[in-house]
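Worksheet for the structure shown next.
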Amino acid sequence: MTYPDDCLQSMVLPNNWWVKTDSTKLEKGALVFAFAPHVDQTPYTFEPTGRKDPTVHNSAVVKVSPLRVNQPLKSTDLPVAAMTLNDREVWSAHRAKKRPCIVFSSESVPVSNELIKGKSKHATAPTFLAAPCYGVDQGKRAGYSPEFVERVRHLEYPQFHWESLPINSKGTSESIVRLDHLQPFGTHYHAYAHSGYVLSEGAMELLDDQLYWLLNGGVEEDSIILDYRDLISETFE
């Protein structure tokens, strides 16, 4: 792959950003596909309100409404199979889309079954952290303007990372990685799919530096990110 001179990838040796791999191991830097929810939007909740047939317990009429954090929780005495809830739980649904995601952690260390015997498994189920990628192609509402993409490529924002993905996709391979959307995904094989690519060690170090910038308000003094931003400042300002 080739990259423009005014991107962070140019600070790494040519052709040493994405690496092809035959491994499907869930590891740091792996490019995977997963359904990422639109976390910036209000989720919806489902409330059973009745049944068309009072004798059928595996279906129900439900009310769909926005789920707001300060709303009082309602309990229902209407039992519905497959919709049981524990105390203070609600059903929550987000819009989601299958997206490429960059893994920022390996799979969690599993907890011994002896320690969670008789307890709910979801409380300690293993996960991995990944940042979703959003295509830059402009549609009616999706995508980004060229001016904004250039600013992201020049690393003006710690939360956005410009990327050119090594996968075949419709339109351009240009994407913006949302580091501020870093989120957990389940490790079950139905929850994600490996793309066959992984970031090189040098590439992952730079993304770690950018995440550090986002989380701490700055980068380490020896980070290549500072050299890159100085170079961009000299060239474009």
> Residues of the range 123-146 being under 19 Å from residue 37 (Cα atoms) and either in a helix (DSSP H, G or I) or at pLDDT below 80 (or both), which ones?
Replying inline: 141, 142, 143
> If you take the residues in the range 1-35 that are small (Gly, Ala, Ser) and modelled with pLDDT under 95, which one is surrounded by the most Cβ atoms within 10 Å (Cβ to Cβ)?
Replying inline: 10
>> Looking only at the range 174-209, count every residue that is among the hydroxyl-bearing types (Ser, Thr, Tyr), more than 16 Å from the chain's Cα centre (by Cα) and either closer than 20 Å to residue 94 by Cβ or surrounded by 15 or more Cβ atoms within 10 Å (Cβ to Cβ) (or both) and tell me the total.
In response: 2
>> What's the total number of residues in the range 18-33 that are in contact with a Pro (Cβ under 8 Å, 6 or more places away or on another chain) and hydrophobic (A, V, I, L, M, F, W, C)?
In response: 4
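The values are calculated or read from the model by the stated rules, or taken from the named source; none is laboratory data. Model, not experiment: these values are computed from the prediction. Because the Cβ atoms are built from the backbone with ideal geometry, glycine has one as well, and the counts that use them run over all protein chains shown.
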